[in-house]
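Report on the following structure.
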C-alpha cells in the first residue's frame, strides 16, 4: 500500500518556496503560470520539466508541507503530555497563518477539481499516514477505555481550532481580535490545556 | 448610532427561505437570479420589488440569520453557567452546518466585493451589536479579574470551533469523522465544558 514518495529536488524546492510567497501575496487563482515563472526567475523550460501544470505545483506545495509535518511528528512522540502534544500540533498549523490559509485554499481547489495527478495522490496517501501516526500518539496518552475515534476527535478538534482561527482573519468581523494574534494564540493554548481532560465516557441515548 | 432595521415582509421571508434551500444545493455563485426566480415560484417583478440584486439577497439572508441569533441571545442571558452559554452558541452555529457554510460563503463574498447596500450595512451593525451583547453575557460569568478581551476570546474560540467543524466537511479528508457528526458534536460540547475554566491570568513576557 505504501507509496514511494521521492524527496523534492533542489530546484523543485526552490520553485515551491518562491511560488508560496507569490501565491500568498496575489492569491493562487489570480496568479498565472507566466507571472509565476517570471517572478521566480526560473525559465519556462525549467518549470515544465518539473511541474505539469499549476495544479501539479499546488500538489507539490501540499506535499512539501506534509513532509515538514512528518518530521514534526517524531518530535511530538517525545511529548510528555497530551496537552503539550496538542499544543505542538496547533502551533505547527498556526505559526504561519497566511501560509496555512493558502494550503487550505489549494487543498479545497484540488479536491473540488477531482485532481488525480501523481503528486496529489502522493500527498493524500502521506496525509492519511500522518493522521494515523498522529492519532496513534494521541491514543497513547488517553485512558485505556478510550478508542480510536476519541483520538480522531482530538485531532479534528485541534485542526478545527486552527482552521477556525485562520478563517477569523478572512473577514473583518474579527479584526480587533486578529490584531492581537499573540494574545489569542495564548488563549487557545490555555484552552488546549483544559481540553485534555475531556470525559470520554460514552453515554446518553 | 443605532440603525432602525425593519422586520422583513412575508414575501421577503419566503424568498429568503427558498433561496437558502436552492443556494445550499447549487452553491450561491452557480445559481443565477433567473434560475432562482423560476425555482422560488415568485415573479421577476415581485423579486425585484424587494431585492436590488443577488448581493442584496445575500445580505437579506445574513440579516435574517442575525435576527434569529438576536432572539437566541435573550435565552442565553438566562443560562446559569458559562459552559451552558457557550454550548448554546456552538449549537446555534452548527445545528445546520450546510446553512452555516452558506452563510460564511456569502459573508466572505460580500466582504470581498466591498458591498455597501443598505441591508448589508444593517447586517454589519446588527452583527456588531450582537457580538457586544453576547460578550457582555460571557463577561458576567467570568471572574472579576477578567477583562473584555477575555470575553471576546471565548466568543472567538467557540466561533472558531464552529467554523472549523464546518470546514471539516469541505474536503474529504475528514470524511469518517463527519459521517458521525453527532458523536463529534458531543465531543465538542464536552470540550466546551472544560474550556470554561481557562486560567485568564495575564503573564509571561
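Does anyone have the angle between helix A:97-112 and the longest principal axis of chain A? Alpha-carbon axes, 0 to 90°, nearest 10?
Once rounded, one gets 80 degrees.
For label points placed 7 Å from Cα toward Cβ, what is the shortest-first list of nm distances from residue A:46 to its copies?
Reported distances to equivalent positions: 6.3 nm.
Could you state the angle between the C-alpha long axis of helix B:10-26 and the longest principal axis of the C-alpha atoms of chain B, as a value from 0 to 90 degrees rounded to the nearest 10?
Rounded to the nearest ten degrees, it is 80.
Can you list, shortest first and in nm, the gaps between the label point of residue B:144 and those of its counterparts in the other copies, using a point 7 Å from Cα in the C-beta direction?
4.8
Counting other beta carbons within 10 Å of each residue's own, what order do B:91, A:144, B:36 fall into, fewest first?
Result, fewest neighbours first: A:144, B:91, B:36.
Which three extents, in angstrom, do the Cα atoms of region A:57-204 have along their principal axes, listed largest first?
42, 39, 34
To the nearest 10 degrees, how steeply does helix A:181-195 sit against the main Cα axis of chain A, on a 0 to 90 scale?
That helix lies at roughly 40 degrees to the long axis.
In which sequence would A:52, A:7, B:64 go, from the one with the fewest C-beta neighbours within 10 Å to the one with the most?
The fewest-first ordering by Cβ neighbours comes to A:7, A:52, B:64.
Among A:97, A:131, A:25, whose mean-square fluctuation peaks in a Gaussian network model of chain A (Cα, cutoff 10 Å)?
Highest fluctuation of the listed residues: A:25.
Okay, helix-only estimate at 222 nm for the protein assembly as shown: each DSSP H run of n ≥ 4 adds -39500 (n - 2.57), divide by all residues, round to 500 deg cm²/dmol; what do you get?
-24000 deg cm²/dmol
Where the centroid of each part is defined by its Cα atoms, how far is region A:46-82 from region B:108-171 in Å?
Region A:46-82 and region B:108-171 have Cα centres separated by 33 Å.
Counting pairs of alpha carbon atoms under 8 Å apart in space and at least six apart in sequence, what relative contact order in percent does chain B give?
Once divided by the residue count of chain B, the mean separation gives 25 percent.
Determine the equivalent ellipsoid of region B:8-51 by diagonalising the alpha-carbon gyration tensor, then write out the semi-axes as square roots of 5 times the eigenvalues, largest first, rounded to whole Å.
Computed over region B:8-51, the values are 17, 12, 8 Å.
Distances from residue B:3 to the same position in the other copies: list them in nm, one decimal, shortest first, using label points 7 Å from Cα along Cα→Cβ.
In nanometres, ordered from closest: 4.8.
How big, in percent, is the set of alpha carbon pairs in the protein assembly as shown lying more than 26 Å apart?
Looking at the protein assembly as shown, the distances longer than 26 Å represent 59 percent of pairs.
Only the coordinates and a few stated rules stand behind these numbers; no lab work does. Fair warning: this is a prediction, and the values are worked out from it, not measured in the lab. Glycine gets a Cβ as well: all are built from the backbone with ideal geometry, and neighbour counts include every protein chain shown.
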